[in-house]
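Everything on this sheet refers to the single structure shown next.
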Amino acid sequence: INVSGDINVTNTAPGCGGTALVNINGAGIQNFNGSSTAGEGALPQLTINKASGTLNLANFPASSDNFTYTAGTVNAGTSTYCFTDGSATPYTISGSLSLSNIEFLALGNTTFTLTAATTLTATGNFTMAGTNRITLNTGNINVDGNISLTNTSAVGGGTATINIVGAGNETMDGTAIAISQNLLPYIIINKPGGTLTLKGNISVSQDWTYTSGTVDATTFASTVAFGGNALNVTSAVMSFYNITVTGNAINLLSSLTINNNLTITGGHIAPGANIIN
């Protein structure tokens, strides 16, 4: 379906789906007005390939199959773009693109693969939601705003990288979930300014790499859980509040500072020549 004008979604069914391709290719201004709730009325495969003009996003635009950004100016406004699952899983996301808020919502067990050359940037907030597995593979997701972790599955993770790079204050909030739910892929903290505040339970299945920025793990008594895979932790300068090790080998590539409790329920910590304070 080639669309040269607007897309207006009023369907309220979660997920939706299909294998058709909606190709947004108008030469002028186009508006993609999504549903009023994340994940509802999701389009099937979607391609953005505009030779000219601007695509404006509003509300909760969503897609449930392969997503491809090829060309064109996208004005995300205050919208939340939702990648959800309909009849297709796994599916691929390709083409680097800046959006406002980004949500990955799993209605069923879902694998989202960002191609290696793809970087999605959330200039606003990033959310992982739903009750089933979310696996984020390959590619990069840059987050300038807050990270909301509400997915209640105890499996998932993946090989993608979430880069926490906002210049202002950011919060990574896992207060709605238990330890070992909403497993995260690779995490890199590289903030040029502001403070990253950790809240609740944050479970990481791949490497945790701290490069720069202020991290407050103590004010809200956060717990970071490492497990799911053997992984490396680089955290010189930053401090954790609680750490839980749930399985496999947690290799320290720098000294580790914990302001409260260290709990090991499975696996082990391999510090090498580094110190656990």
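Overview of values
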| item | result |
| --- | --- |
| Test result for I102, in contact with a strand residue (DSSP E or B) (Cβ under 8 Å, 6 or more places away or on another chain), buried (at least 23 other Cβ atoms within 10 Å of the Cβ) and of a type in the set (V, I, T) | yes |
| Hits in region 3-23 - residues which are closer than 18 Å to S94 by Cα and either part of a strand (DSSP E or B) or touching a Lys or Arg at 6+ places or on another chain (Cβ under 7 Å) (or both) | L21, V22, N23 |
| Region 122-137, subset assigned to a strand (DSSP E or B) and over 17 Å from M172 (Cβ atoms), residue most open to solvent (accessible area, probe 1.4 Å) | N137 |
| Single condition G95 does not satisfy, out of (1) touching a residue at least 40 places away in the same chain (Cβ under 8 Å); (2) buried (at least 21 other Cβ atoms within 10 Å of the Cβ) | (2) |
| Out of G145, G174, sole residue that is in contact with a Leu (Cβ under 9 Å, 6 or more places away or on another chain) and of a type outside the set (V, I, T) | G174 |
| Subset of region 262-274 (residues that are surrounded by 12 or more Cβ atoms within 10 Å (Cβ to Cβ) and assigned to a loop (DSSP other than H, G, I, E, B)) | T265, G267, P271, N274 |
| Residue within region 24-47 that is open to solvent by 60 Å² or more (accessible area, probe 1.4 Å), assigned to a strand (DSSP E or B) and either in contact (Cβ under 8 Å) with a residue 24 or more places away in the chain or small (G, A, S) (or both) present | no |
| Condition met for G17 (surrounded by 14 or more Cβ atoms within 10 Å (Cβ to Cβ), under 22 Å from the mean Cα position of the chain (by Cα) and not hydrophobic (A, V, I, L, M, F, W, C)) | yes |
| Verdict on A116 being among the hydrophobic types (A, V, I, L, M, F, W, C) and surrounded by fewer than 18 Cβ atoms within 10 Å (Cβ to Cβ) | yes |
| Strands (runs of 3 or more DSSP E) (entirely within region 152-252) containing at least 2 residues that are surrounded by 22 or more Cβ atoms within 10 Å (Cβ to Cβ) | 161-164, 170-174, 186-204, 208-226 |
| Strands (runs of 3 or more DSSP E) (entirely within region 59-104) containing at least 2 residues that are more than 13 Å from A122 (Cβ to Cβ) | 67-75, 91-94 |
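The values are calculated or read from the model by the stated rules, or taken from the named source; none is laboratory data. Because the structure is a prediction, the values reported are computed rather than measured. Quick reminder, even Gly has a Cβ in these numbers, built from the backbone with ideal geometry, and neighbours come from all protein chains shown. For accessibility, only protein heavy atoms count, side chains too; no ligands or nucleic acids. Shrake-Rupley method; radii C 1.70, N 1.55, O 1.52, S 1.80 Å.
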